[in-house]
Amino acid sequence: MKIPKSHPRYKSLNTRELIAKGVEKGITSEHGLIAHGRGEAFDYLLGEKTSVAAKKSIGSAAALLLLAEHPVISVNGNAAALDAKGLVQLSILLTAPLEINIFHTSKKRELNIKNHMIKNGAKNVLLPDNKYKIRFLESNRKYVNPNGILKADVVFVPLEDGDRAEALLKNGKKAITIDLNPLSRTAQNSTIAIVDNITRAVPLLINQIKKFKKLNLTKKQLKAIYGHHDNKKRLKESVKLIKKLI
Ligand code: PTJ
């Protein structure tokens with residue numbers, strides 16, 4: 001459906017349309033619609049703007065991604081539907097593979113997501129391999145690619161909730177996540193959680209990485225930026241913002 005530009009909730013309804021189209025195309029799971037609604041509710045409570053706390057987290061995330069030896073971008077059905085082009089751009093900028101990792105098991109959907117990413121310009125898309133898994137995880141998300149998440153030191157996870165961020169950390173990796181819910185298990189257990197909408201956070205992250213690259217920052221300087229990150233403190237700032245707005 002075409003949303004009239006004059007509608008007061010144009011942006012939000014358009015984003016909803018992307019998710020609905022994702023389901024139609026066999027990219028997003030039906031459960032992804034529910035997950036999206038959960039995100040919308042938190043976005044509303046956050047004033048549908050990128051907060052100061054989120055901007056700080058984006059800076060820390062950009063520094064950590066540039067410091068990573070083997071960064072990997074994890075892609076699920078919602079992320080692919082909402083910003084495939086942005087994730088591809090990030091992958092090219094960081095020379096990092098995109099790895100399909102979904103909760104609701106479906107080999108067909110994994111392939112559909114892979115093809116969707118390729119259509120959007122992706123050069124390096126990995127699929128999970130049932131012969132390889134990370135420890136401390138029971139769901140389908142445990143299966144990984146040996147050239148991707150298995151050997152990654154930093155995994156970027158735009159949008160999901162559950163037990164994977166915690167498991168990634170227990171496997172010795174760092175996890176950067178985007179999650180509109182500052183209370184979610186994912187946000188609470190990430191190395192860096194960006195409490196913002198993926199549709200706003202990914203373009204900002206791309207710009208921040210480009211800026212750092214242009215400045216030619218040294219490892220020491222990047223470490224100093226990332227070293228200032230205190231995830232619990234940033235999450236508290238987001239909770240405080242919600243309380244202030246309601
Ligand atoms: O493609 P699959 O099978 O891997 O399915 C993925 C979903 C997302 C359905 C599922 O794995 C999942 O984790 O759903 P949850 O448990 O509802 O978690 C979704 C989280 O993402 C919630 O904490 C939401 O607040 C958050 N969220 C939803 N939409 C956005 C978002 N965060 C940022 N930007 C959004 N647009």
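The values are calculated or read from the model by the stated rules, or taken from the named source; none is laboratory data. On a predicted model such as this, the values are computed, not experimentally measured, just so you know. Positions of Cβ are generated from backbone atoms using ideal geometry, with glycine treated the same way; all protein chains shown enter the neighbour counts. Accessible surface areas use protein heavy atoms only, side chains included; no ligands, DNA or RNA. Shrake-Rupley method; radii C 1.70, N 1.55, O 1.52, S 1.80 Å.
Do we find that V202 is in contact with a strand residue (DSSP E or B) (Cβ under 7 Å, 6 or more places away or on another chain), under 24 Å from G39 (Cβ atoms) and among the β-branched types (V, I, T) in this structure? In short, yes. How about region 159-168: which of its residues are more than 9 Å from the ligand (Cβ to nearest atom) and surrounded by fewer than 21 Cβ atoms within 10 Å (Cβ to Cβ)? Of everything in region 159-168, those that are more than 9 Å from the ligand (Cβ to nearest atom) and surrounded by fewer than 21 Cβ atoms within 10 Å (Cβ to Cβ) turn out to be D163, E166, A167.
Would you point out the residue of region 173-192, among those that are assigned to a loop (DSSP other than H, G, I, E, B) and touching a Phe, Trp or Tyr at 6+ places or on another chain (Cβ under 7 Å), that is farthest from G77 (Cα to Cα)? Going through the qualifying residues, I end up with N181.
Restricting the search to helices (runs of 4 or more DSSP H) fully inside region 50-148 and requiring at least 2 residues that are loosely packed, with under 15 Cβ neighbours inside 10 Å, at pLDDT 95 or above and within 16 Å of the ligand (Cβ to nearest atom) gives 107-119. If you go through region 37-49 and keep only what is open to solvent by less than 30 Å² (accessible area, probe 1.4 Å) and either away from the ligand (no atom under 11 Å from the Cβ) or in a helix (DSSP H, G or I) (or both), you end up with G39, D43. Going through region 169-192 one residue at a time, which ones are within 8 Å of the ligand (Cβ to nearest atom) and open to solvent by less than 10 Å² (accessible area, probe 1.4 Å)? If the condition is that a residue be within 8 Å of the ligand (Cβ to nearest atom) and open to solvent by less than 10 Å² (accessible area, probe 1.4 Å), then I178, S184, T186, A187 are the ones that fit. Of the residues screened, K214 is not one that is in contact (Cβ under 8 Å) with a residue 24 or more places away in the chain, farther than 25 Å from L82 by Cα and open to solvent by 50 Å² or more (accessible area, probe 1.4 Å). Residue-level analysis places Q221 outside the set of residues that are away from the ligand (no atom under 12 Å from the Cβ) and buried (at least 19 other Cβ atoms within 10 Å of the Cβ). Tallying residues that are touching a residue at least 40 places away in the same chain (Cβ under 8 Å) and either farther than 26 Å from E110 by Cα or not in a helix (DSSP H, G or I) (or both) within region 12-36 yields 5.
Rundown of residues vs (1) polar (S, T, N, Q); (2) under 14 Å from P158 (Cα atoms), yes/no style:
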site: S91; (1), (2): yes, yes
site: F103; (1), (2): no, yes
site: E110; (1), (2): no, no
site: P128; (1), (2): no, no
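The set of residues in region 149-172 that are free of Cβ contacts under 8 Å to residues at least 24 places away in the same chain and either under 27 Å from E48 (Cβ atoms) or not in a helix (DSSP H, G or I) (or both) comprises L150, G172.
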